[in-house]
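Visitor: First, the structure itself, so that you have it in front of you.
The values are calculated or read from the model by the stated rules, or taken from the named source; none is laboratory data. Since the structure is predicted, the reported quantities are computational estimates derived from the model, not experimental observations. With ideal geometry, Cβ positions are generated from the backbone for all residues, glycine too; neighbour counts draw on all protein chains shown.
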Amino acid sequence: MHGTTILLIELGALLFALGMLGRLGRRFGLSPIPLYLLAGLAFGHGGLLPLEASEEFIEIGAEIGVILLLVMLGLEYSAKELVGNLRSAAPAGLIDAVANAVPGAAFAFLLGWDWKAALVLAGITWVSSSGVIAKVLGDLGRLGNRETPVILSVLVIEDLAMAFYLPLVTAVLAGIGFAGGLKALVIAVVTVIVVLIVAIRYGHLISAFMSVKDPEALLLSVLGLTLFVAGVAAQLQVSAAVGAFLVGIALGGRVAHHATEILTPLRDLFAAVFFVFFGLSTNPSDMPPVLLPALCLAAVTMTTKVLTGWFAAKRVGVAAPGRLRAGLALMPRGEFSVVIAGLAVASGVEPRLAPLATAYVLITVVAGPSLARLPDYAWFKALLRRRMAVRQAPLPLPAED
């Protein structure tokens, strides 16, 4: 058969299967994300039915999925809210970096790896997945919760830090020297500052060029602008996700409201493709030898993420249930961790790093969305209330002689 015909058959069968999996997951109260990942494993290299004709298309769709997830997050908040949240979340961002990067580096040294591998693994365990978390928050209906701006602030700080970390680690792994690394870092810093200034100070002018009366024109304008800015950001060694998020921040008012409505189905489609692609790129046969170390690393760094979210939410006065929701939401790692691991693999730093990183990310992406639902269960709410009541109960007075 012609290549295009095979592509249509594979894509059609895959999307239909994803639809059935999503319906099945929601019927049992489960997030569809782990099911999408398992579907990717089944259809990937070493899986049951490898997809060949559509793999390149799915890879491009996965990149678009991350971009759409982040621009939709940006549309939920204004530039003033972003700046205010970043200022208040700066201490939490610092704690987040130390609490989650240090265990990764220490684990690499325990495995006998060199300092370059430790630098890479620190980045893998540090940064949460904005794409996965955005999907989870939307699925659970928590975008309007009080802890959500705190979660987004931590994610934005991480994504902005990646704009500086990625050029630095690329220079280290490529061995291009201090001057080359400094040049890449300066370009990244300048790009982020320029995009931030344009988004915050001139966002209203960008919105004025778009009309909400023509949904077709609005869809094409917002999607085109988002992809363009994301591509330029990636070309300048800045995360495409950061660029897409800032486009969402720049758009406001009725434009942001209507753009959210028309982009939602498109986001859901490409977000599902993103999670499938993550599974497609993983060979299941590589997992068993590194599964135990990955489980240990995931257990430690998921715990530190929960503590990070708890601390960040507590600083702004969020109650205990919201603090727990914030911490559980931050657990998944994803697209950035995969990118960082890919850089290490391309440079030949440590052959065991790639399967370890893949198993680690899969564990956190499967466990994270599942555990994020815990605070919504009635039995868990009752347990949390009892524990809070015990902690707040007055101490008994000493008996008199």
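Visitor: Among the residues of the stretch 302-327, what is the count of those that are at pLDDT 90 or above and under 17 Å from Val127 (Cβ atoms)?
Guide: 10
Visitor: How many residues does the stretch 215-229 contain that are surrounded by 13 or more Cβ atoms within 10 Å (Cβ to Cβ) and touching a Ser or Thr at 6+ places or on another chain (Cβ under 8 Å)?
Guide: 1
Visitor: Here's something else I'd like to know. Might you check whether a residue that is crowded, with 16+ Cβ neighbours inside 10 Å, under 30 Å from Lys183 (Cβ atoms) and not basic (Lys, Arg) occurs anywhere in the stretch 249-265?
Guide: yes
Visitor: Just to check your reading of the model, which residue among Gly84, Gly93 is of a type in the set (Gly, Ala, Ser) and either at pLDDT below 70 or in contact with a Phe, Trp or Tyr (Cβ under 6 Å, 6 or more places away or on another chain) (or both)?
Guide: Testing whether each residue is of a type in the set (Gly, Ala, Ser) and either at pLDDT below 70 or in contact with a Phe, Trp or Tyr (Cβ under 6 Å, 6 or more places away or on another chain) (or both) leaves just Gly84.
Visitor: With respect to the numbered conditions (1) modelled with pLDDT under 80; (2) more than 30 Å from Ala313 (Cβ to Cβ); (3) over 20 Å from the mean Cα position of the chain (by Cα), which one is the sole condition not fulfilled by Pro215?
Guide: Checking Pro215 against (1) modelled with pLDDT under 80; (2) more than 30 Å from Ala313 (Cβ to Cβ); (3) over 20 Å from the mean Cα position of the chain (by Cα), the one that fails is (1).
Visitor: In the list Val212, Val232, which residue meets the criterion of being outside any helix (DSSP H, G or I) and surrounded by fewer than 18 Cβ atoms within 10 Å (Cβ to Cβ)?
Guide: Selected residue: Val212, the only one of Val212, Val232 that is outside any helix (DSSP H, G or I) and surrounded by fewer than 18 Cβ atoms within 10 Å (Cβ to Cβ).
Visitor: Now for a different question. I'm told Ser347 meets every condition in (1) at pLDDT 80 or above; (2) of a type in the set (S, T, N, Q); (3) over 15 Å from the mean Cα position of the chain (by Cα) except one. Can you identify the failing condition by its number?
Guide: If we test Ser347 against (1) at pLDDT 80 or above; (2) of a type in the set (S, T, N, Q); (3) over 15 Å from the mean Cα position of the chain (by Cα), just (1) comes out false.
Visitor: Quick check: anything in the stretch 358-372 touching a Phe, Trp or Tyr at 6+ places or on another chain (Cβ under 6 Å) and either part of a helix (DSSP H, G or I) or at pLDDT 80 or above (or both)?
Guide: No, there is no match, as no residue in the stretch 358-372 is touching a Phe, Trp or Tyr at 6+ places or on another chain (Cβ under 6 Å) and either part of a helix (DSSP H, G or I) or at pLDDT 80 or above (or both).
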